[in-house]
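Have a look at the structure that comes next, please.
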Amino acid sequence: MNDGFTHDEFCKPHMSVVVQLIDACPHNHPNNTYWCTTARTNHVDLSCTAFNAIAQGRPIGEIGSINVYARAVNCSVGLGVKTF
């Protein structure tokens, strides 16, 4: 929807994805003037594969954003789609 609002109705219930965070979005990046600013420091950009694993209902380019809960997990869990 690209309107900057979160769309929780697009979240797949009880689905999780384990990702490795490797870098923070550079704030004030000239190519992303909406998300990558000091006003929105607490966001995570996911790969299309990871986002598609936890989102539903529309193509991922039309959803915009969803609320997520992030927590550290033991590396032995492994990366990828999980149901917890």
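Rule-based calculations on the coordinates, nothing more; no lab input. Here the structure is a predicted model, which means the values were calculated and not measured. Quick reminder, even Gly has a Cβ in these numbers, built from the backbone with ideal geometry, and neighbours come from all protein chains shown.
Please list 46-57, 9-20, 62-73 highest first by mean number of surrounding beta-carbon atoms within 10 Å per residue.
Working: 46-57: 15.2, 9-20: 13.7, 62-73: 12.2.
So the peptides 46-57, 9-20, 62-73, ranked by packing, come out 46-57, 9-20, 62-73.
Turning to a different aspect of this structure: Which length gain, in nm to one decimal place, applies between H14 and A39 when the Cα-Cα distance is subtracted from 0.36 nm times their residue separation?
Between H14 and A39, full extension yields an extra 6.0 nm.
Hey, can you grab everything whose amide H is under 5 Å from the amide H of V81? Only 5+ residues off in sequence or another chain; H modelled, so Pro and N-termini drop out.
V18
Can you work out the Karplus-derived ³J(HN,Hα) for every residue in the stretch 8-15? Use 6.51 cos²θ - 1.76 cosθ + 1.60 with θ = phi - 60°, whole Hz, and x for glycine or proline.
Whole-Hz 3J(HN,Hα) from phi for the stretch 8-15: 5, 5, 8, 7, 6, x, 6, 9.
Gain in length, K82 to T49, computed as 0.36 nm per residue apart minus the alpha-carbon separation, to one decimal in nm?
Stretched fully, the K82-T49 segment lengthens by 10.6 nm.
If r is the Cβ-Cβ distance from C75 to N32 and R0 is 35 Å, what FRET efficiency results, to the nearest 0.05? Each step should come with its number before you reach the end.
Details: r = 30 Å, r/R0 = 0.85.
In this case the efficiency is close to 0.75.
Search the structure for amide H atoms under 5 Å from the amide H of T37, placed 1.01 Å from N in the peptide plane, and list their residues when 5 or more places away or on another chain.
N28
Amide H of A55: which non-local residues (sequence gap of 5 or more, or other chain) have their own amide H closer than 5 Å, using H built in the peptide plane?
The answer is K12.
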